[in-house]
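The values are calculated or read from the model by the stated rules, or taken from the named source; none is laboratory data. What you are looking at is a predicted structure, and each value in this text was computed from that prediction instead of being measured. Positions of Cβ are backbone-derived with ideal geometry, glycine not excepted, and every protein chain shown enters the neighbour counts.
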2 protein chains.
Amino acid sequence: MTANDLPFSLSEYQRRLDLTRHEMTERGLDALFVTDPSNQAWLTGYDGWSFYVHQGVIILPDADPIWWGRNQDANGALRTVWMAEDRIWSYADNYVQSTERHPMQDLSARLAGLGLEQARIGVEMDNYYFSAKAFETLSSTLSQVFWVDATALVNWQRAVKSAPEIAFMRKSAQISEKIIDGLLERVEPGAPKNEVVAEIFRDAIRGVEGAWGDYPAIVPLLPSGPDAAAPHLTWDGRPFETGHATFFEVSGCYRRYHTPFCRTIFLGTPPDFLLRAEAALIEGLEAGLEAARPGNRACDIANALAEPLERAGIERSARCGYPIGLSYPPDWGERTISLRPEDETVLEPGMTFHFMPGLWMFDWGLEITESILIRDEGAAETFCNRPRKMFVKP
Amino acid sequence: MTANDLPFSLSEYQRRLDLTRHEMTERGLDALFVTDPSNQAWLTGYDGWSFYVHQGVIILPDADPIWWGRNQDANGALRTVWMAEDRIWSYADNYVQSTERHPMQDLSARLAGLGLEQARIGVEMDNYYFSAKAFETLSSTLSQVFWVDATALVNWQRAVKSAPEIAFMRKSAQISEKIIDGLLERVEPGAPKNEVVAEIFRDAIRGVEGAWGDYPAIVPLLPSGPDAAAPHLTWDGRPFETGHATFFEVSGCYRRYHTPFCRTIFLGTPPDFLLRAEAALIEGLEAGLEAARPGNRACDIANALAEPLERAGIERSARCGYPIGLSYPPDWGERTISLRPEDETVLEPGMTFHFMPGLWMFDWGLEITESILIRDEGAAETFCNRPRKMFVKP
């Protein structure tokens with residue numbers, strides 16, 4: 001059995017593998033063990049909600065990748081990866097959450113079986129789901145291996161998107177637009193928040209013509225009024241209120257590809273300070289989009305944004321964006337570039353970011369954001385096409 | 001500012017802290033650093049989708065817990081934890097996903113400031129979100145600390161639920177029932193899977209009278225036919241088909257408390273082998289519920305289940321359940337007890353489990369499960385109350 005519904009062509013997976021192997025050679029790695037679910041999927045197609053147990057992909061210089069995970073999840077690997085069945089390896093169920101044995105003991109034996117007992121092996125020390133105990137177990141059982149921190153090695157290869165990836169993101173963007181359109185209709189004083197979130201999820205998963213909806217890697221965030229000072233609150237059953245701004249941080253998702261998109265809705269008549277902040281933020285966004293062009297650097301976007309905000313007396317300390325694309329919970333960012341003054345990464349055509357200059361102040365908040373694509377020339381393209389403003393429902 | 005909508009009373013949080021400190025004393029710990037989001041919430045009330053960056057809670061023997069995280073998330077901590085504002089500590093935004101600095105350098109300095117440079121400090125080596133790099137950074141900057149593996153120390157304190165926790169789970173169970181009721185109505189040949197999942201999410205988040213719906217820690221799982229061999233596949237846009245069994249693994253969630261509930265729906269006329277498996281599974285579930293009583297052991301449930309299955313020629317290798325309650329993605333289990341032959345944990349009143357004997361065979365699958373409560377005496381109570389069978393829609 002091989003996957004019958006791979007999201008991408010075999011040549012696209014080969015492209016990704018070539019990039020990864022090239023970087024492995026640069027760093028002198030004999031093997032790379034990839035635990036970040038988004039990296040696993042990007043390299044092999046593996047897709048399933050099984051990242052709550054130890055699993056990963058072994059990348060070798062001269063043989064197909066090996067998917068390694070829990071016994072019962074090998075059935076899912078058989079159905080989703082492009083490699084042949086003999087590249088799917090699994091461990092017994094009594095390794096799962098055991099106090100007596102650890103899945104990484106199984107992996108160690110397999111790495112030794114590959115002749116890697118004294119090799120240079122890369123591990124994602126600070127990606128998701130590679131626990132301190134996992135590394136301790138690996139390094140104590142394979143004490144002759146030279147372990148190399150390969151955090152984000154694969155993530156960096158993902159920075160420039162291929163045409164088929166961008167096509168997926170355009171579909172995801174249509175779903176993002178649909179979510180925001182629904183919110184503009186439904187958010188009103190007295191509507192319980194959870195009822196509105198229920199419709200966000202429904203819109204997101206129903207998707208649009210030609211694009212069924214996948215689950216986004218972050219749930220909707222929608223704090224109101226003074227709570228909008230806190231960027232990562234979720235929701236409860238209380239109603240929206242007149243006099244409050246609520247920001248909505250949402251994303252459509254198509255086959256794990258995201259285009260986050262945030263808008264703020266004010267119910268009633270907004271105070272002057274908020275209107276001034278909105279004007280400065282929009283000016284900053286437009287300056288940032290202009291700066292987001294090939295050859296410029298990540299920091300150029302951040303600096304362009306900061307100037308009109310500072311003139312309006314608004315000081316932001318957080319980064320104002322991050323790369324986006326394929327992702328799994330808990331984050332839809334790629335965890336490589338950060339749009340902030342100290343990041344001098346040069347922008348290239350095909351890079352995609354969530355340009356996300358959220359304002360989270362002492363007792364109010366405002367989010368107006370864009371998912372963007374660095375073009376071959378000129379200012380960035382926005383994936384979504386909706387008015388760039390704070391929406392006011394009087 | 002203090003949290004204005006704490007899910008539990010201060011005395012409930014004190015009870016949890018007392019249990020945790022007692023275990024810390026038993027293990028000779030001077031401090032405990034808790035990174036698992038479910039443990040953070042259980043101890044402090046902290047609630048927010050910010051676990052994608054390094055954060056945690058410091059538990060001390062003689063002073064209130066300290067929430068520690070990213071600067072912008074301190075605003076969320078202020079709004080959700082029971083401790084006073086001076087127990088909320090945060091690090092600068094340029095520590096986030098930086099290649100130059102690591103948040104654990106900030107934490108190290110703070111632990112040193114607490115006089116813990118030579119202390120015995122517990123860390124959750126194999127819980128979620130405590131990365132290999134996090135531990136490497138902590139241990140290299142605080143080289144005199146004696147680090148103790150405290151994986152699941154807090155999780156074990158959560159095993160026996162308090163009355164208010166059980167009340168939350170009863171609300172969650174009503175939501176689980178509502179989801180399954182909706183599925184029985186909506187699943188039919190030709191209905192696209194994602195459309196049905198959209199309604200699952202809508203039902204889950206709308207909740208029931210008196211209980212708004214929170215996001216479950218795992219998304220709906222619903223593979224059909226031969227794909228039901230794979231327990232953790234999610235969905236796509238293809239339609240349900242006549243002749244296929246589909247299992248639905250779902251959970252309601254109320255204020256982060258879960259009661260997972262799985263049922264299988266067959267469209268058409270089920271084959272004999274599936275009806276025989278269903279009969280054996282139901283007999284096993286009933287035997288397991290009888291065995292799930294105080295004084296018995298976790299393995300007694302597993303062994304009771306296995307007997308009728310073996311008679312029917314069905315061999316399962318996976319564990320058949322795990323504790324449930326408060327959780328965050330990526331898992332709704334508590335990662336302590338496993339219902340399997342080698343686990344001799346004694347069952348106590350107030351323990352709650354997902355009794356989950358999924359059958360994932362070579363080319364078919366069947367799930368009929370119950371979330372259960374160990375009573376003061378007698379067989380377990382099921383949280384949900386729906387027919388225990390494979391539903392057939394001819």
Checklist entry - Taking interchain pairs and intrachain pairs at least six residues apart, which have beta carbon atoms under 8 angstrom, with the first residue in segment A:1-25 and closer than 18 Å to residue A:148 by Cα and the second at pLDDT 95 or above and assigned to a loop (DSSP other than H, G, I, E, B)? => result A:21/A:61; A:24/A:61; A:25/A:61
Checklist entry - Tell me, which helices (runs of 4 or more DSSP H) wholly within segment B:1-93 include 3 or more residues that are over 24 Å from residue A:237 (Cα atoms) and not small (Gly, Ala, Ser)? => result B:10-26
Item to check | Subset of segment A:327-369 that is touching a Pro at 6+ places or on another chain (Cβ under 9 Å) and of a type in the set (D, E, K, R) - its residue that is nearest to the other protein chains (Cβ to nearest Cβ) | outcome: A:335
Checklist entry - Being buried (at least 21 other Cβ atoms within 10 Å of the Cβ), assigned by TED's automatic domain parsing to the domain that holds residue B:370, among the small types (Gly, Ala, Ser) and at pLDDT 95 or above, is that true of even one residue in segment B:342-353? => result no
Next on the checklist: Would you confirm whether or not segment A:186-193 contains a residue that is within 9 Å of chain B (Cβ to nearest Cβ), within 27 Å of residue A:39 (Cβ to Cβ) and either modelled with pLDDT under 95 or part of a strand (DSSP E or B) (or both)?
Outcome noted: no
Checklist entry - Name the pairs whose Cβ atoms lie under 6 Å apart, with the first residue in segment A:75-87 and away from chain B (no Cβ under 14 Å), the second in a helix (DSSP H, G or I) and surrounded by 20 or more Cβ atoms within 10 Å (Cβ to Cβ), and 6 or more positions between them or separate chains? => result A:82/A:13
Checklist entry - Would a scan of segment A:316-327 turn up a residue that is closer than 19 Å to residue A:229 by Cα and either in a helix (DSSP H, G or I) or charged (D, E, K, R) (or both)? => result yes
Item to check | Search result, residues across segment A:115-129 that are surrounded by 16 or more Cβ atoms within 10 Å (Cβ to Cβ) and either at the interface with chain B (Cβ under 10 Å from one of its Cβ atoms) or over 29 Å from the mean Cα position of the chain (by Cα) (or both) | outcome: A:116, A:119, A:123, A:124, A:125, A:126, A:127, A:128, A:129
Item to check | Test: residue in segment B:130-153 that is assigned to a loop (DSSP other than H, G, I, E, B), surrounded by fewer than 18 Cβ atoms within 10 Å (Cβ to Cβ) and not assigned by TED's automatic domain parsing to the domain that holds residue B:15 | outcome: no
Next on the checklist: Would you confirm, using the coordinates I've provided, whether residue A:92 is surrounded by fewer than 17 Cβ atoms within 10 Å (Cβ to Cβ), within 13 Å of chain B (Cβ to nearest Cβ), touching a helix residue (DSSP H, G or I) at 6+ places or on another chain (Cβ under 8 Å) and without any contact (Cβ under 8 Å) to a residue 24 or more places away in the chain?
Outcome noted: yes
Checklist outcome for this item: Of the listed residues (A:165, A:188, A:177, A:241), the one being touching a Cys at 6+ places or on another chain (Cβ under 9 Å), in contact (Cβ under 8 Å) with a residue 24 or more places away in the chain and surrounded by fewer than 23 Cβ atoms within 10 Å (Cβ to Cβ) is A:177
Checklist outcome for this item: Filtering segment B:95-108 down to residues that are farther than 25 Å from residue B:47 by Cβ and in contact (Cβ under 8 Å) with a residue 24 or more places away in the chain yields B:102, B:105, B:108
Checklist entry - Which residue out of B:204, B:132, B:198, B:230 is of a type in the set (A, V, I, L, M) and closer than 30 Å to residue B:18 by Cα? => result B:132
Checklist entry - Would segment B:98-109 turn up any residue that is assigned to a strand (DSSP E or B), within 14 Å of chain A (Cβ to nearest Cβ) and not β-branched (Val, Ile, Thr)? => result no
Item to check | Of all residues making up segment A:131-173, the number that are within 14 Å of chain B (Cβ to nearest Cβ) and not hydrophobic (A, V, I, L, M, F, W, C) | outcome: 11
Checklist entry - Which residues, counting only those in segment A:270-312, are touching a helix residue (DSSP H, G or I) at 6+ places or on another chain (Cβ under 9 Å), of a type in the set (Gly, Ala, Ser) and assigned to a helix (DSSP H, G or I)? => result A:277, A:279, A:280, A:284, A:287, A:288, A:291, A:302, A:304, A:306
